[in-house]
Amino acid sequence: MSSLLLPVALTAALTLAPGAPGVDEQYLPADKSGFLTSRTAASRVWATVQKEGGLGEIFYPTIGGPSARALSFVVTDGHRISAPSRVTTSQSDPDSLSFRQTLSGRTWRLVASYTVDPQRSTVLVRTDFSGTGQLYAIYDPALGNSRGGDTGSTSGRALTATDGGISSALAAEPPFQATSNGFAGVSDGPTDLRDGRMDWHYTTAAAGNLVQTAAIGHRHTTIALGFADSPSGALSAASQSLGRGFTSVARSYAYGWKQYLKGLKPPPRGLSGHERTLYRTSAMVLAASEDKANPGAYVAAPAAPWAFGTDDPSGPYHLVWSRDLYQIAVALIAAGDKAGANRALDFLFDVQQKPDGSFPQNSQVDGTPVWGGLQLDEVALPLVLAYRLGRTDAETWTHVKRAADFLLSYEQAPATPQERWENQSGYSPNTIATEIAGLVCAASLARANGDATSAERYLATADEWRARVKSWTVTSTGPYSPKPYFLRLTKDGNPNAGTTYNIGDSGPSNVDQRRVVDPSFLELVRLGALPADDPDIRNTLRVVDAQLGVPTRNGFFWHRASFDGFGEKQDGSQWEYNLPDDSLLTHGRAWPLLSGERGDYELAAGDPRTARSRLATMARATGPGNMLPEQVWDQNPPPGRIPGTPTYSATPLVWSHAQYIRLAQNLAAGRVLDTPDVVADRYLSNSSPVS
């Protein structure tokens, strides 16, 4: 077939786009197939790659909020839009967060390669188009973390957009053939191009849901999307990046990642080729999730799944969570990036920590609290991290003491207002494990700072909570086993009582707490509070496997809790806010990170072979571009989906990548490095009794 770009009808330029403000469209699906940012502080832009084709959310000037909803591509055949029938995404360099995408239509093929300019805040795309059809770039800005309020204009052969103090510029080399500004769903490119032709050439658009369209007139084109605090600054950034050329920029970008990887521990021996690539990718995903203006602020994910995609400004996955930050920092230690872990602890103590010693449920990357909940594991885990990093200095000790004193003074402790999964209160074995470990670690740091009185107080409380954890959380009258087993939590500290609560997330109401289990109790073993061969631990494993286990062709996974509804609806449509109890409309699926945590337990239990299989299971859970998801489909997926493959949940979930690194390094070491030795020495050496 001959290669032919169809001519664009160059009608007279129109002035102001009609239809303001246009349609507000939520952010794109969260199952990303790539994640990019430069290793340099000079470039303050992050980009995600959409599995459906093109780029999704592009973040600027921080990773705490998008400044673009999408940069996508449309092909027309002169009569209609010619949609791609196949899209594939691959990591084009295993030692860099570099990605290439191939979109194939009936008569055309587009290869798009993505990179970021290390010298400035510009995303570059090289497009190689073959076949017949006309190629267009469709840019949907969301400047300043708001999808509305963007104004647009044509600047020569480029397009600029502005909202407040943030601007973008879309330019190309060779230059675009034609451009237009419009409003989503009314006067934008996708609406105009339905008949296969670009008829509108609006030079300006007032504030609204702006979409900008550019016709690409050459087979091989480099597109630059630059960001700055003014239109001229953004246009200058885009122009300078184009002047460097895609090949030069891409080489410099990849070099930065290769140098970062060289500074880490090498991937453990014995990994397969895919597992080794995933290990390196995971290390880079962790590093890429750190904000550049706020060192140590690592966000949960560069994605907004389900109804969270409607949030404006963007929602919780773009925030910093003390718990997630601990998981990430421990993985950074395991990978060999101790400096990154120290920055995380500095952020926790110097930026996030409240005057009373507690931590916000989550915060923006500058530390501003967002949600108002209190989760005691998020207070305790920074203490464990401080111990793991050997931070015995007096300044760190002041922060440790405030947090540890808060745990002791909190009236309901060790019961927590919110546990690990955030939608329940009570006595959680997972939270109590973090509190015990946190206090023992705090006691060690207290001694290092000459405060024996505080050390004794912390140890006495930790000992008491450890001695009572089973009396609060292990039932001997539950329906799942005649033997005792751990519950997700108890509302009243009486695990043999039939106390009921509502599950939430469209789940059932008035559920007997003895019917709700959760694999997270294994933190008692991982943090050294209980031995792996504890009979109640072992029996709970059997209960959890029977109630929550998900066997798939990719391996064995687990749901996060009984009756969980945090996931898609049965047909695959999205989870929504405020679904009514007992509607059972949504279904939480299986979490790959739980497979990693099970592997940690099995390693502690002396079964490295099975633990090794969990790492392989996690590796098989990846989506395109070696991205690890929050969840994979269970045995009841929507039509066309396969159990054990990524759902539409947040991908990449940074915690998932962190757990993969941790398990890989634990396996290499032959022991669970996450276990603080001061906790293990106190509770596992002398096997003190637990009631």
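The figures follow:
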item: Segment 329-376, residues that are surrounded by fewer than 16 Cβ atoms within 10 Å (Cβ to Cβ) and polar (S, T, N, Q); result: Thr368
item: Enumeration of residues in segment 453-473 that are polar (S, T, N, Q) and touching a Ser or Thr at 6+ places or on another chain (Cβ under 9 Å); result: Ser471, Thr473
item: Residue match in segment 410-419 (condition: in a helix (DSSP H, G or I) and either within 27 Å of Asp337 (Cβ to Cβ) or charged (D, E, K, R) (or both)); result: no
item: When residues of segment 526-536 are limited to those that are among the aliphatic types (A, V, I, L, M) and surrounded by 24 or more Cβ atoms within 10 Å (Cβ to Cβ), the one farthest from Gln327 (Cα to Cα); result: Leu530
item: Residue within segment 528-537 that is modelled with pLDDT of 95 or more, in contact with a Ser or Thr (Cβ under 6 Å, 6 or more places away or on another chain), within 30 Å of Arg682 (Cβ to Cβ) and in a loop (DSSP other than H, G, I, E, B) present; result: yes
item: Number of the condition not met by Arg251 [criteria: (1) surrounded by fewer than 16 Cβ atoms within 10 Å (Cβ to Cβ); (2) under 24 Å from Val654 (Cβ atoms); (3) outside the structural domain of Lys338 (by TED's automatic domain parsing); (4) not small (Gly, Ala, Ser)]; result: (2)
item: Wholly enclosed helices (runs of 4 or more DSSP H) of segment 594-691 bearing at least 1 residues basic (Lys, Arg) and modelled with pLDDT under 95; result: none
item: Candidates Arg388, Arg343, Arg323, filtered to the one that is among the charged types (D, E, K, R) and in contact with an Asp or Glu (Cβ under 6 Å, 6 or more places away or on another chain); result: Arg323
item: Among the residues listed as Val330, Val320, Val285, the single one being in contact with a helix residue (DSSP H, G or I) (Cβ under 6 Å, 6 or more places away or on another chain) and not assigned by TED's automatic domain parsing to the domain that holds Arg100; result: Val285
item: One residue from Asp128, Asp140, Asp117, Asp93 being acidic (Asp, Glu), at pLDDT 95 or above and in contact with a Lys or Arg (Cβ under 6 Å, 6 or more places away or on another chain); result: Asp140
item: Subset tally (residues that are touching a residue at least 12 places away in the same chain (Cβ under 8 Å) and either assigned to a helix (DSSP H, G or I) or touching a Pro at 6+ places or on another chain (Cβ under 6 Å) (or both)) for segment 420-450; result: 20
item: Of residues in segment 159-178 being surrounded by fewer than 24 Cβ atoms within 10 Å (Cβ to Cβ) and part of a loop (DSSP other than H, G, I, E, B), the one farthest from the chain's Cα centre (by Cα); result: Gln177
item: Number of the exception - Val75 against (1) closer than 28 Å to Ser236 by Cβ; (2) in contact (Cβ under 8 Å) with a residue 60 or more places away in the chain; (3) in a strand (DSSP E or B); (4) of a type in the set (A, V, I, L, M); result: (1)
item: Residue satisfying condition, being closer than 30 Å to Ala529 by Cα, over 22 Å from the mean Cα position of the chain (by Cα) and in contact (Cβ under 8 Å) with a residue 40 or more places away in the chain, within set Ala604, Ala658, Ala616; result: Ala604
item: Candidate set: segment 377-392, residues that are of a type in the set (Gly, Ala, Ser) and either surrounded by 24 or more Cβ atoms within 10 Å (Cβ to Cβ) or in contact (Cβ under 8 Å) with a residue 12 or more places away in the chain (or both); chosen: the one nearest to Gly528 (Cα to Cα); result: Ala380
item: Total residues in segment 462-493, condition closer than 30 Å to Val678 by Cα and in a loop (DSSP other than H, G, I, E, B); result: 5
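This table checks each residue for (1) under 29 Å from Ala462 (Cα atoms); (2) free of Cβ contacts under 8 Å to residues at least 60 places away in the same chain; (3) not hydrophobic (A, V, I, L, M, F, W, C).
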| site | (1), (2), (3) |
| --- | --- |
| Asn510 | no, yes, yes |
| Arg514 | yes, yes, yes |
| Leu522 | yes, no, no |
| Arg538 | yes, yes, yes |
| Phe557 | no, no, no |
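This table checks each residue for (1) within 25 Å of Asp582 (Cα to Cα); (2) not acidic (Asp, Glu).
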residue: Tyr485; (1), (2): no, yes
residue: Pro508; (1), (2): yes, yes
residue: Arg515; (1), (2): yes, yes
residue: Asp518; (1), (2): yes, no
residue: Ala532; (1), (2): no, yes
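The values are calculated or read from the model by the stated rules, or taken from the named source; none is laboratory data. In this text, all values refer to a predicted model and were calculated from it rather than measured experimentally. Because the Cβ atoms are built from the backbone with ideal geometry, glycine has one as well, and the counts that use them run over all protein chains shown.
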